[in-house]
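All remarks here apply to the structure that follows.
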Amino acid sequence: MPRKRSTDRGDELLARLGSLTAQARQRAEVQRSQVELAIALQRGMLPRDLPAAPGLHVAVRYTPANLGLNVGGDWYDAFTMPDGRIGLTIGDVQGHNIEAAAFMGQVRAGLRALASVTGEPGELLARTNDLLLALGSELFATCTFMRLDPATGVLESARAGHIPFVWATADGKSGVVDDEGGPPLGIEPGIEFPVTRHRLTTGGVFVLLTDGVVEGPSLNIEDGLDQVVRLAGIAAVAGLEAHALAAAVIKGAESVGHDDDAAVLVVGLDDPGDPARTTRARSSAAARGPAGGPDDGVPRLAEPRPPV
């Protein structure tokens, strides 16, 4: 009789192990399906093509989160606006799951759609904020939106709770843009977002990024931004391609010490190829002198390269 009881217990144990194994396989299959869905969702919401214009260079890099469903809420976008100017945006949605990725898609789609109504960055962010509040989501997003005229280099930007972007000039100057921003999108109605104007001239670059690039347990945000500032300055002086700078910046995200996703968008402007235009621009720059010339309300964050 004791031997019979022992056999029964062994059979019961094997049955339980079999059940647990089946449950584990089922959970693994469900998680794998969720990962595949999240990755497909995320890839489908990031732009496939980038805008083109004479002298314009746009490069992007993105690395997904290495935690949970391997999906986050970071995004970037670049597109040609109805008036021919270029819209550039980067942002970060709260959370690291399928809901965050879906909300990211709503923000990106909302910005694109509303950009056909108004291209003014501050008004565009205000309308997007009201749209997200009307959707009733409990999530929020930080965002920077820029409108660039590639013919003149004039760039207007507005920020909604997002980290400031980095600039660098062809003569080696670089820094973090000191502008006024507003709160994140989707928190409070009736918000106004200040607009700052800059001028991007030949050889200069702007680097937009998310906090996953510059902040984490192993790196505070100030040191992270300083790291990007140095990279941008070196790249501008050396005349590196935008994609090379974007790759170097995203590579630096490995030092932050976490598994957050990270996005980088680099925009630069070169001589469109008109020698006469180049000569006029350089003569004008020389006449203005190092202070940047008459005050037209547009800070010059990049100066033309000297003749080779």
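The values are calculated or read from the model by the stated rules, or taken from the named source; none is laboratory data. Bear in mind the structure is a predicted one, so any value in this text is a computation, not a measurement. Neighbour counts are summed over all protein chains in view; Cβ atoms, including those assigned to glycine, are modelled from backbone coordinates with ideal geometry. Protein only, heavy atoms only, side chains kept; ligands, DNA and RNA dropped before computing areas. Shrake-Rupley method; radii C 1.70, N 1.55, O 1.52, S 1.80 Å.
Roll a 1.4 Å probe over the protein chains and send me the accessible area per residue for the range 58-146 in Å².
For the range 58-146, the solvent-accessible area averages 36 Å² per residue.
Near residue 81, the amide H atoms lying under 5 Å from its own belong to 86, 87; only residues 5 or more places off or on other chains count, and H is placed 1.01 Å from N.
Taking a ≥ b ≥ c as the square roots of the eigenvalues of the Cα gyration tensor, the range 133-179 is classed as oblate, since a/c reaches at least 1.5 and a/b does not exceed b/c. Take 203-210, 233-240, 246-253, 162-169 and order them by the average number of nearby Cβ atoms within 10 Å per residue, most first; the result is 203-210, 162-169, 246-253, 233-240. Across the range 91-236, Cα pairs under 8 Å and at least six residues apart give a relative contact order of 25 percent. The listed peptides 264-270, 84-90, 111-117, 144-150, ordered by packing as a protection proxy, come out as 264-270, 144-150, 84-90, 111-117 (highest mean of other Cβ atoms within 10 Å first).
So what is the relative contact order of the range 85-160, in percent, for Cα pairs below 8 Å that sit 6 or more residues apart?
Working: 97 pairs, mean separation 33.2, N = 76.
In percent, rounded to a whole number, it is 44.
How many percent of the alpha carbon pairs in the range 148-280 exceed a separation of 23 Å?
Values: 3331 of 8778 pairs.
Here the long-distance tail beyond 23 Å is 38 percent of all Cα pairs in the range 148-280.
Each residue of the range 123-134 was assigned a 3J(HN,Hα) from its phi angle through the Karplus curve 6.51 cos²θ - 1.76 cosθ + 1.60 (θ = phi - 60°); the sequence is 5, 4, 5, 5, 5, 5, 4, 5, 5, 5, 5, 5 Hz, with glycine and proline shown as x.
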